[in-house]
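The values are calculated or read from the model by the stated rules, or taken from the named source; none is laboratory data. Quick caveat: nothing in here was measured; it's all calculated off a predicted structure. Here the Cβ positions follow ideal geometry from the backbone for every residue, glycine too, while neighbour counts run over all protein chains shown.
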């Protein structure tokens with residue numbers, strides 16, 4: 001009951017909710033809310049979220065239609081899994097290249113040769129997003145350190161330029177006087193009688209000297225702070241890669257389980273439909289394959305009814321529940 005209440009609070013706000021919506025569709029089916037289950041399932045395999053990873057969605061709709069003896073729609077919705085997931089399954093099974101570089105390239109807006117369903121699962125993964133946020137923060141810190149070094153170098157350049165301008169604007173005797181008093185203590189007695197122009201030139205020269213002498217140590221200190229940042233970044237990238245590999249493994253396992261379930265559901269549909277044909281009750285179209293686009297259009301525009309059309313003597317249960325489809 002608690003789990004059902006949590007699923008009821010799931011809203012279709014963004015793609016991060018797709019896994020929960022898939023569970024919500026199963027839950028609706030288990031509670032006998034077949035129309036609601038089919039509506040959510042169709043959105044996941046042929047509607048709003050058709051390019052997201054939800055391999056069990058077609059099974060939800062297929063079971064709902066089969067339990068209502070609507071074998072044509074059951075067969076067609078069940079077949080959508082085989083139309084939607086071959087490329088996804090192949091990529092997950094065959095890829096051996098590092099995954100994080102592909103995911104980060106996608107985030108930068110670059111095109112990558114990865115099925116959309118996989119990419120969308122990556123970029124909505126909480127673990128991946130947490131690691132990526134930390135990596136972004138790491139890069140921000142590195143940029144701030146680099147800017148601190150460039151700002152210091154720019155300040156030295158400004159003081160150097162000021163000295164050049166002052167040299168051009170002063171007489172030779174003033175420059176000599178300023179040079180003589182550079183090493184003298186800064187007190188009223190030693191600077192008595194020195195003109196304001198010479199003092200100004202001396203102050204600029206002193207500031208330049210202090211900045212120039214301090215800049216190497218400043219640069220060394222800042223660069224030493226960059227090393228821990230680089231090590232931390234490498235650690236975060238390694239963790240992000242491991243997280244994505246685990247996610248890929250989970251998706252591959254789920255697809256292969258869904259494939260087995262699809263075959264089992266198809267066998268049940270054909271078995272039940274064959275029996276109904278013998279009773280002159282079923283629609284022969286249950287044995288006719290259909291393209292996904294046509295099925296989506298038909299489901300959306302005709303507002304397929306989930307009325308139970310089973311003969312009274314073989315009436316299917318009104319409240320189907322999810323079962324382990326791979327068990328005998």
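Within region 23-39, is even one residue under 20 Å from the mean Cα position of the chain (by Cα), within 21 Å of residue 253 (Cβ to Cβ) and modelled with pLDDT of 85 or more? Within region 23-39, none of the residues are under 20 Å from the mean Cα position of the chain (by Cα), within 21 Å of residue 253 (Cβ to Cβ) and modelled with pLDDT of 85 or more.
Okay, residues lined up against (1) more than 18 Å from the chain's Cα centre (by Cα); (2) under 15 Å from residue 263 (Cα atoms):
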site: 52; (1), (2): no, no
site: 64; (1), (2): yes, no
site: 78; (1), (2): yes, yes
site: 88; (1), (2): no, no
site: 99; (1), (2): no, no
site: 102; (1), (2): no, no
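From the list 122, 91, the one residue that fits, being within 27 Å of residue 230 (Cβ to Cβ) and surrounded by 12 or more Cβ atoms within 10 Å (Cβ to Cβ), is 122.
Can you name the residue in region 85-100 that is part of a helix (DSSP H, G or I) and touching a helix residue (DSSP H, G or I) at 6+ places or on another chain (Cβ under 9 Å) and, of all such residues, is farthest from residue 120 (Cα to Cα)? Within region 85-100, the match that is farthest from residue 120 (Cα to Cα) is 93.
Count of region 122-146 residues, restricted to those that are within 18 Å of the chain's Cα centre (by Cα) and assigned to a helix (DSSP H, G or I), is 14. Of all residues in region 46-66, those satisfying the criterion of being under 20 Å from residue 21 (Cβ atoms), part of a helix (DSSP H, G or I) and either touching a strand residue (DSSP E or B) at 6+ places or on another chain (Cβ under 7 Å) or touching a residue at least 40 places away in the same chain (Cβ under 8 Å) (or both) are 58, 59, 62, 63, 64, 65. In the condition set (1) in a loop (DSSP other than H, G, I, E, B); (2) modelled with pLDDT of 85 or more, residue 69 is compliant with all but (2).
Would region 306-324 turn up any residue that is modelled with pLDDT of 60 or more and under 16 Å from residue 76 (Cα atoms)? Yes, region 306-324 contains at least one residue that is modelled with pLDDT of 60 or more and under 16 Å from residue 76 (Cα atoms).
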